[in-house]
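Nothing in this text is a laboratory measurement; each read-out follows from the coordinates by a stated rule. It should be emphasised that the depicted structure is a prediction, and the values quoted were computed from it without experimental measurement. Here the Cβ is made from the backbone with ideal geometry for all residues, glycine too, and neighbour counts use every protein chain on show.
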Amino acid sequence: MSNDGDPVAAEGRTLNGRYRLLDRLGSGGSGIVWRGRDELTGREVAVKKPWLPGRPGDEPYRRAAHRLQREARAAARVDHPCAVTVHDVVVEEGTDVEGGLPWIVMELVHGESLRETLRRGPLEPAEAARIGLAVLGALRAAHAVGIVHRDLKPTNVLLGLPPLPVPSGRGGPQGRVVVTDFGIAHVPGEEFRTEAGEALGSPDFVAPERMSGRGAGPASDLWSLGVLLYTAVEGRSPFPGTSPRSTPTALLPGEPPEPPGPGRAGPLAPLLRGLLHRDPEHRPTPQDTAAALEAARADGDRLPAAPCPAESR
């Protein structure tokens with residue numbers, strides 16, 4: 001796997017004569033993210049350098065680079081305040097479009113991921129519902145233009161810094177919620193062949209129908225939203241004792257998972273059970289999901305409405 005993301009070597013580098021890399025923000029299974037500056041506009045941006053299989057020039061590398069460019073363009077079509085804005089896709093200097101590594105230039109969101117927030121403990125149901133409404137809004141905007149996220153998980157949900165002081169007793173920060181990293185998003189009509197070993201997404205969050213080969217649809221993202229919300233309120237996965245290797249097997253037909261009943265979810269419990277139904281046809285609709293989340297949010301401490309609506313624009 002190409003992995004030349006040395007922070008010392010890359011710091012100060014300028015991409016395409018425009019985007020200067022300032023410092024590394026973090027890295028994960030899909031790539032490394034830098035804080036950068038657009039020298040043309042002066043604004044700060046986030047620049048992602050993805051990991052790609054093989055070496056530059058190899059067929060797997062070229063295929064993955066081409067696919068990533070296509071999917072970055074797809075992500076740029078998602079128009080919603082809770083979906084991260086993709087500003088540009090820059091191909092490495094000195095390479096052709098097909099084989100060059102595409103760097104993804106996005107808006108810089110100041111805050112932390114939901115995963116980092118959950119390290120301090122689970123959320124109250126009302127706050128989880130507030131976040132869920134914002135995430136659902138971004139998903140519905142993506143679905144409206146034919147895009148399925150396919151890798152929704154706590155690391156891909158960013159919680160922006162609160163714009164105002166948070167009143168005591170209101171359950172946590174009330175800043176912007178942003179869904180990011182459409183890195184393995186699927187656009188119907190732009191098919192590609194999945195190579196052996198190519199990641200389908202984070203196993204705990206992948207819907208059963210995807211593991212059984214039926215493909216991804218909007219209902220698959222709703223399953224992932226259910227796992228995300230369950231994890232947020234319970235502080236653990238709904239599939240205890242699973243691992244990245246065992247979870248896909250557990251989701252195959254004939255061995256449906258039996259998540260434990262949500263104990264801390266309160267008014268969210270019926271929705272979570274519905275979203276985690278293994279048959280996508282029996283999961284709640286996006287409209288019903290939004291209504292249940294609104295009710296759960298209102299059932300708490302009367303939190304302010306989520307900064308991002310659940311309806312797509």
Using only the Cα atoms of the range 7-107, build the gyration tensor, take square roots of its eigenvalues as a ≥ b ≥ c, and label the shape rounded, prolate or oblate: rounded if a/c is under 1.5, else prolate if a/b is larger than b/c, else oblate. oblate
For Val177, distant residues with modelled amide H under 5 Å away: Gly160, Cys308
Can you tell me, using C-alpha contacts under 8 Å and at least 6 residues apart, the relative contact order of the range 7-107 as a whole percent? 23 percent
How big is the charge dipole of the range 7-107 about its Cα centre, in debye rounded to the nearest 20, if each Lys and Arg gets +1 on its Cβ and each Asp and Glu gets -1 on its Cβ? 160 debye
Check which residues have an amide H placed less than 5 Å from Val45's amide H, if you skip close sequence neighbours. Gly36, Arg37, Asp38
For Val148, what residues show an amide H to amide H distance below 5 Å, using hydrogens built from the backbone and excluding near sequence neighbours? His186
Residue by residue through the range 105-113, which ³J(HN,Hα) values in whole Hz follow from phi under the Karplus form 6.51 cos²θ - 1.76 cosθ + 1.60 (θ = phi - 60°), with glycine and proline marked x? 9, 10, 5, 9, 9, 8, x, 9, 7
Shape of the range 72-157 from its Cα gyration tensor (a ≥ b ≥ c, root eigenvalues): rounded if a/c is under 1.5, otherwise prolate when a/b > b/c, or oblate? prolate
